[in-house]
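The block underneath contains the structure these notes are about, expressed in structure tokens.
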Amino acid sequence: MLTPAAQRGEDPGLPHVRVPEKSTDQTWAGTVVTTDRRGRAVVGDSVAGDIMTSEVIEDEKQFYLKAKTYWKQIPPTVDGMLGGYGHISNIDLNSSRKFLQRFLREGPNKTGTSCALDCGAGIGRITKRLLLPLFRVVDMVDVTEDFLAKAKTYLGEEGKRVRNYFCCGLQDFSPEPSSYDVIWIQWVIGHLTDEHLAEFLRRCKQGLRPNGIIVIKDNMAQEGVILDDVDSSVCRDLEVVHRIIRSAGLSLLAEERQENLPDEIYHVYSFALR
């Protein structure tokens, strides 16, 4: 979700989960920062040991269940998909289009335009405005059934080119092997633990057609990992995301920070991977 982030101010006096490179004994310690429902930072318990950052989540099943419950009560609108920031949708989509099109241009390693997958698709905001104009067919996957039902009307006539609507959490979803030119993953990786995110990215890699790419676009914390108690998600910093990308066996082709977003929200970055 595009989160209004009082916490992105990230009071320098507050400690954050910081994950250094593993030492030879493969242990480290940090302090959890969560947020209350007003977005204010709340210092949690210290954690230590050979852990991935998202394993600070005490109950993995509750982490996923709480997120699923949260999204069920969100209205199926563009504003709902963007956490009340529907007015930035055009800014986001225009930048995403420019970022993606550099890989669709003519050339020996040109990415194809036959089929794309929209992960965490919601009502189809990205499918409608970014993917359908560029690809012959699109598949959508989202955990919230009501969003996918709304998509069938929201997408209009062009929705006929949506081939599949998968209702599934990404931790349980496997793209069909060798099926997609582009797998687009936006504002949803925070709903996966580190382990599940790395596993999902490995499955996405298997789902790519020749010269296909995976695009992640998401919030980035200034430092460490922030747990959001409102929508049950985590926000990672660039170093942590890079580490997960490497652990999934993917190479970083391009990275770009989104410009012209409101100051009060997290920095947003796009990554093209293969």
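Derivation of every value follows stated rules applied to the coordinates shown; laboratory data play no part. Just so we're clear, the structure is a prediction, and the values are computed from it rather than from any experiment. We place every Cβ from the backbone using ideal geometry, glycine too, and count neighbours over all the protein chains shown.
Which entries of Lys68/Lys128; Lys61/Lys128; Lys68/Lys110 show an alpha-carbon separation above 28 angstrom in the structure shown?
On the way: Lys68/Lys128 23 Å; Lys61/Lys128 32 Å; Lys68/Lys110 37 Å.
Listed pairs above 28 Å: Lys61/Lys128; Lys68/Lys110.
If I model a spin label as a point 7 Å beyond the Cα along the Cα-Cβ vector, how far apart are those points for Ile88 and Ser178 in nm?
It is 4.1 nm.
Ranking request for peptides 171-183, 246-258: highest mean number of other beta-carbon atoms within 10 Å first, then the rest in descending order. Intermediate values should be presented prior to the final figure.
Numbers: 171-183: 17.9, 246-258: 14.8.
Descending mean neighbour count gives 171-183, 246-258.
By average Cβ neighbour count within 10 Å, what is the ranking of 141-154, 110-123 from highest down?
110-123, 141-154
Residue by residue, what Karplus-based ³J(HN,Hα) values in Hz, rounded to whole numbers, does segment 78-91 have, using 6.51, -1.76 and 1.60 with θ = phi - 60° and x for Gly and Pro?
4, 4, x, 4, 9, x, x, 10, x, 5, 9, 4, 5, 4
Which cross-chain or sequence-distant (5 or more) residues have an amide H under 5 Å from the amide H of Ser233, H modelled 1.01 Å from N in plane?
Long-range HN contacts for Ser233: Asp228.
With θ set to phi - 60°, apply the Karplus curve 6.51 cos²θ - 1.76 cosθ + 1.60 along segment 107-113 and write out the HN-Hα couplings as whole Hz, x wherever there is a Gly or Pro.
Going residue by residue, I get x, x, 10, 4, 6, x, 10 Hz, with x marking Gly and Pro.
Please turn the phi angles of segment 67-72 into ³J(HN,Hα) values with the Karplus equation 6.51 cos²θ - 1.76 cosθ + 1.60 (θ = phi - 60°), one per residue in order, whole Hz, x for glycine and proline.
Along segment 67-72, the couplings run 5, 4, 5, 4, 5, 5 Hz.
Scan around Ala254 for amide H atoms under 5 Å from its own, H built in the peptide plane at 1.01 Å from N, and keep only partners 5 or more places away or cross-chain.
Ala272
Given H placed on each backbone N at 1.01 Å, which residues far from Ile265 in sequence or on other chains put an amide H within less than 5 Å of it?
Ala5
In vacuo Debye scattering of segment 132-274, one point per C-alpha: log10 I(q)/I(0) at q = 0.15 Å⁻¹?
Debye output, listed in q order: -0.83.
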